[in-house]
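Before any comments, here is the structure.
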Amino acid sequence: MSDLGYWIGFNLVRGIGPQRLRMLLDYFGGIEAAWNASAGELRRAGLDRRSLENLLSTRSSISLDREVARVERAGVQVLTWESADYPRSLSQIYDPPPVLYVRGTLIPKDEWAVAVVGTRRATAYGREAARRLVADLARSDVTVVSGLARGIDIVAHRVALEEGGRTIAVLGSGVDVIYPPEHRRIAQAITESGALVSDYPLGTKPESGNFPPRNRIISGLSKGVLVVEAGERSGALITARFAAEQGRDVFAVPGSILHRSSIGTNRLIQDGAHLVLSASDILETLNMGQIAEQAEIRTVLPSDPTEAHLMELLSAEPAHVDELAQAASLPVAVVSSTLALMELKGLVRQVGGMNYVLAKESGVEYRSEREGEG
C-alpha cells in the first residue's frame, strides 16, 4: 500500500480536517502509522470521540486499494502535502487542504494567477467588465482562477480559454461531479488548458455548505482576487475575505450606486480594496508585468542559503537593506543583489527607500472553519 491510499482514506473521514490530521502526523510520525493506530493510541494522540468514531467506521468500511484504483480509473491526479507538485502558494495558507484532486494539469506558471469572481446574477455591465479584464489578464500570461459558477465565474473561464490562456476551476463538489451541469463542456475544455481542482473526494455532491469553504482555495491559489460584480451577500465577498486574511491583494470593479449588484464591490473599495479600471491596475500592483521572465528566473536560479536566511528575517513589516545585512551578518552588496533576484522571483517586494517585505503570499493566513466538516 502506497502512502497515497492513506491520504485518500483520511480525506474520507468526516471531522478530520487539516488541523487534526497535522496533529496525528506529528504524534505518529507518518500517515501510515496514523491510519493504522489503535483506538487507544488515537485517543492519546488527542483525537476527540466523534472524529475517532468516524475514523474507525471509515477504516472498517472502505478498501484503500479500491479507492486508489477508483481515482486512477477516473484519470484524476491526487496531490498531498508531501507531493512535490502541490501548489506552493496554496501550501502557504494557514490550513492548506491535505489532499487535492486534480483533473487536468497544474504547472509552475500557475503560480502567477489571479482569481476572478462575482455574482451569479451578473448584469450586462458585469459580464462586459469581466470579459475585458480577463482577456487582458490572459494575454499577459496570467492564469485565471474561478469557481465554475454561473454568472461572472463562467465568463472568466470562457474568456481565458478564448484567449488561449490557462484557467483553473475550483469546485464545491468532487472533480467528477460538474455543477452546474450545463457547464460540463467548458469543464472539459478547462482540463485541456488548466485544471479542475477540489479537496472534496470523488463523488461528492454539490451541497450548499461545500461552496464557502472551497473559496479559501480559490484565493489560496492566487496572488490576488478580483471581484467584478457582487451584491450585498454575494459568495464572492467570502472569497475576498479569505484573500484579505491570507495576505492577498483584493481588487474590485466599481459600479453604479443605484444597482444592487454593485453594493458589494463598492463597499470593498470603500473598505480598502484596489479600485480596478483596467487589467494594468492589477498587473502593476502584483508586479506581474514580466511573468515569463519571472518563471524562467525561478527555474534557473533556485533558492540558496542566503535567500533562505533573508526569507527568515523578512516579514510584512518593511526592513531596510542595511538592517537585513547587519542581521544576516552579510555584506550590504551581497544582500542587495540577492534581494534584487528574489524580487524578480516574486519572493519579496521593495516598498521604497531600499525597504523590503515578504511577497503577499507569505502574509497572514486564513484559519480554516472547516475542521468540523471533514
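Values quoted throughout were computed directly from the atomic coordinates according to the rules given, and no laboratory measurement underlies them. No experiment lies behind these values; they were computed from the predicted model shown. Using ideal geometry, Cβ is built from the backbone for each residue, glycine included, and neighbour counts are taken over all protein chains shown.
Debye-formula intensities of the stretch 301-362, expressed as log10 I(q)/I(0) at q = 0.17, 0.19, 0.25 Å⁻¹, are -0.46, -0.58, -1.07 (one equal scatterer per alpha-carbon, no solvent). By the helix-only formula, in which each DSSP H run with n ≥ 4 contributes -39500 (n - 2.57) and the sum is divided by residues, the chain has a 222 nm mean residue ellipticity of -13000 deg cm²/dmol. As a ratio to 2.2 N^0.38 Å, the alpha-carbon radius of gyration for the chain is 1.02.
Relative contact order, percent, of the stretch 301-362 when contacts are C-alpha pairs under 8 Å separated by at least 6 residues?
The normalised contact order for the stretch 301-362 reaches 38 percent.
Based on C-alpha pairs under 8 angstrom that are at least 6 apart in sequence, the chain has a relative contact order of 17 percent.
Largest first and in whole Å, give the semi-axes of the stretch 1-72's equivalent ellipsoid, each being the square root of 5 times a Cα gyration tensor eigenvalue.
Equivalent-ellipsoid dimensions as semi-axes: 19, 13, 10 Å.
Placing unit charges on each Cβ (+1 for Lys and Arg, -1 for Asp and Glu) gives the chain a dipole about its Cα centre, and among Pro97, Leu283, Pro254 the Cα reaching farthest toward its positive end belongs to Pro254. How big is the antiparallel share of DSSP beta bridges in the chain, given as a percent to the nearest 5? Restricted to the chain, the bridges split so that about 40 percent are antiparallel.
For the stretch 52-85, the set of GluC sites (Glu not before Pro) satisfying both a DSSP loop assignment and a count of at most 15 other C-beta atoms within 10 Å is given as Glu82. Listed from fewest to most Cβ neighbours within 10 Å, the set Lys223, Lys205 follows the order Lys205, Lys223. Excluding same-chain neighbours fewer than eight residues apart, the aspartates and glutamates reachable from Lys205 by a Cα-Cα span under 13 Å are Asp176.
Taking the Cβ of Glu232 as the center, what net charge do the other residues with Cβ under 9 Å away carry, scoring Lys and Arg +1 and Asp and Glu -1?
Computed value for this residue: +3.
Kirkwood analysis of the stretch 104-285, using all unique Cα-Cα pairs, places the hydrodynamic radius at 15.7 Å.
Over the stretch 5-89, what is the mean sequence separation of C-alpha contacts under 8 Å (at least six apart), divided by residue count, expressed as relative contact order in percent?
Contact order relative to length: 36 percent.
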